[in-house]
Amino acid sequence: MANDKGKIKGATEIPKIIWNENQQRFETEDKKAYLEYHLKNIHGNNSQIMNILHTYVPPFKRGLGLASHLCVAAFNHAQSHSLPVIPSCSYVSDTFLPRNPSWNALVYKGDVKSSM
Ligand code: COA
């Protein structure tokens, strides 16, 4: 359904995705679809990593690539803030990254447990 970089095949509009810094989310304007993350410190230094915890799209909007747009917003943000990403959400690890492998470069390569 979604191609590389998260564009929707056949869709006419690209949804606006908003960064909600206080709630650590990327979300649609109506807040009904969102990607939730948590910033954590990497053990032993001052760097942070973005742990993507959960992605949610209301049932009637599923299958149109909306979750992919949320991921693209989150990965663009992570890239511009030099944040490695932990794809804890199964949508990110099992669907988004395999379909958009260029973003694998941002995936955290260290020991996740020791960074908690
Ligand atoms: N884990 C991995 N991949 C999933 C998935 C899951 N839990 N649920 C659906 N997918 C895949 C489907 O296989 C689908 O593949 P298809 O394109 O071949 O049909 C693909 O996601 C659809 O991609 P996209 O259109 O970008 O996603 P979406 O906007 O429909 O939203 C979810 C996908 C997962 C966010 C949505 O189904 C949802 O909110 N589900 C309930 C919450 C959930 O399980 N979240 C993920 C775990 S944190």
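Each value in this text was obtained by applying a stated rule to the coordinates, not by laboratory testing. Note that the structure is predicted; figures quoted are calculated from it, not measured. Quick reminder, even Gly has a Cβ in these numbers, built from the backbone with ideal geometry, and neighbours come from all protein chains shown.
Between ILE42 and SER47, GLN48, ILE49, the built amide H atoms are under 5 Å apart, and every one of these is 5 or more places off in sequence or on another chain.
The modelled label-to-label distance for the pair HIS81/LEU39, using points 7 Å beyond Cα in the direction of Cβ, is 0.4 nm.
The gain in end-to-end length when the ILE18 to ARG99 segment is fully stretched comes to 26.9 nm, 0.36 nm per residue minus the alpha carbon separation. Under the combined filter of DSSP loop state and at most 10 neighbouring Cβ atoms within 10 Å, segment 48-116 retains these trypsin sites (Lys or Arg not before Pro): LYS109. Close amide-amide hydrogen proximity is noted between VAL107 and VAL85, each under 5 Å apart and 5 or more residues distant or on a separate chain (H modeled in the peptide plane; Pro and chain starts excluded). With neighbour counts taken as other beta-carbon atoms within 10 Å, the residues LEU70, LEU39 rank, fewest first, as LEU39, LEU70. Summary of the geometry: segment 81-98 and segment 20-44, compared by the centres of their Cα atoms, lie 13 Å apart. For segment 17-109, the relative contact order is 24 percent, taking Cα pairs closer than 8 Å that sit 6 or more residues apart in sequence and dividing their mean separation by the residue count.
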